[in-house]
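Okay, so here's the structure we're looking at.
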Amino acid sequence: ACGGREFCPSGTYSPQALEDACLDCSPGFKTGVASGATTCSACDGGTFSEGLAVNCTDCDSGTYSGSSSSSCTDCDSGKYSGIAASSCETCAGGAYSDAGSRNCSSCRAGAYSNAGAASCTACDSGTYSEAASSACAKCDGGTWSNGSAATCVSCLAG
């Protein structure tokens, strides 16, 4: 017995109907006050608690959570997030990311990616791309490129 809700320890609460018993705040919930709590409330999306929490903790960059979460989840490859995210954003075409990323990286010249890519793809022979491209372009007539090219070069006459 707690001896009343004024004395319930941190992370526990006592509803008025049960003043003599302190109940644990479950994972994904918080009391919001250090002592004397009468309820637990759900953690917002982008935050979590492991239980017995006064406050919820922000998710790190590269992770996310829904409401009432006991942990944060890594963003999938091709996605990213900042601190306290409730969802991950998709990388734009011309960029990529590994799982758990806080941002997307641009594809190098000579490679491209579609939106949500985990990696970039090299341009084929006869095509080229600038950095951060979502597609490779065909070389103009009279020019050529090897694979992974940033530019096309003139063909030699003959």
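Pop a pseudo-label 7 angstrom from the Cα along the beta-carbon direction at both SER87 and ALA135 and give the gap in nm to one decimal.
Going by the 7 Å Cα→Cβ label model, 2.7 nm.
May I ask you to rank PHE29, PHE48 by accessible area, largest first, using a 1.4 Å probe over the protein chains only?
Ranked from most to least accessible, the order is PHE29, PHE48.
What is the spin-label model distance, in nm, from THR38 to ALA122 if the labels are put 7 Å beyond Cα along the C-beta direction?
Each label point is offset 7 Å from its Cα along the Cβ direction, giving 6.9 nm.
Roughly how big is the stretch 47-115's charge dipole about its Cα centre, with Cβ charges of +1 (Lys, Arg) and -1 (Asp, Glu), in debye to the nearest 20?
Taking the Cα centre of the stretch 47-115 as origin, the dipole is about 260 debye.
Just subtract the alpha-carbon distance of ASN103 and ASN146 from 0.36 nm times their residue separation and send over the number in nm, one decimal.
12.4 nm
To the nearest 20 debye, what charge dipole does the chain have about its Cα centre, counting +1 at the Cβ of each Lys and Arg and -1 at the Cβ of each Asp and Glu?
460
Among (i) 19.0, 70; (ii) 26.5, 98; (iii) 15.8, 52, only one was calculated for this model; which label is it, if the read-out is Rg and Dmax of the Cα atoms in Å?
So the structure-derived entry is (ii).
Suppose all protein chains stay in the model; what accessible area per residue would a 1.4 Å probe give for the chain, in Å²?
55
Restricting to Cα pairs below 8 Å that are 6+ residues apart, what does the relative contact order work out to for the chain? Please round to a whole percent.
Contact order relative to length: 13 percent.
How much of the accessible area of the chain, probe 1.4 Å, is carbon plus sulfur, in whole percent?
Carbon and sulfur together cover 45 percent of it.
Can you tell which of CYS152, THR121, THR57 lies farthest toward the positive end of the dipole of the chain, using +1 and -1 charges on the Cβ of basic and acidic side chains (Lys, Arg; Asp, Glu)?
Toward the positive end, the furthest listed residue is CYS152.
Under unit Cβ charges (Lys, Arg +1; Asp, Glu -1), what dipole magnitude, rounded to 20 debye, does the stretch 9-81 have relative to its Cα centre?
That gives the stretch 9-81 a dipole magnitude of about 100 debye.
The values are calculated or read from the model by the stated rules, or taken from the named source; none is laboratory data. Being a predicted model, the structure only gives us computed values, none of them experimental. Glycine gets a Cβ as well: all are built from the backbone with ideal geometry, and neighbour counts include every protein chain shown. Note: accessible area is taken over every heavy atom of the protein model, side chains too, but ligands, DNA and RNA are not part of it. Shrake-Rupley method; radii C 1.70, N 1.55, O 1.52, S 1.80 Å.
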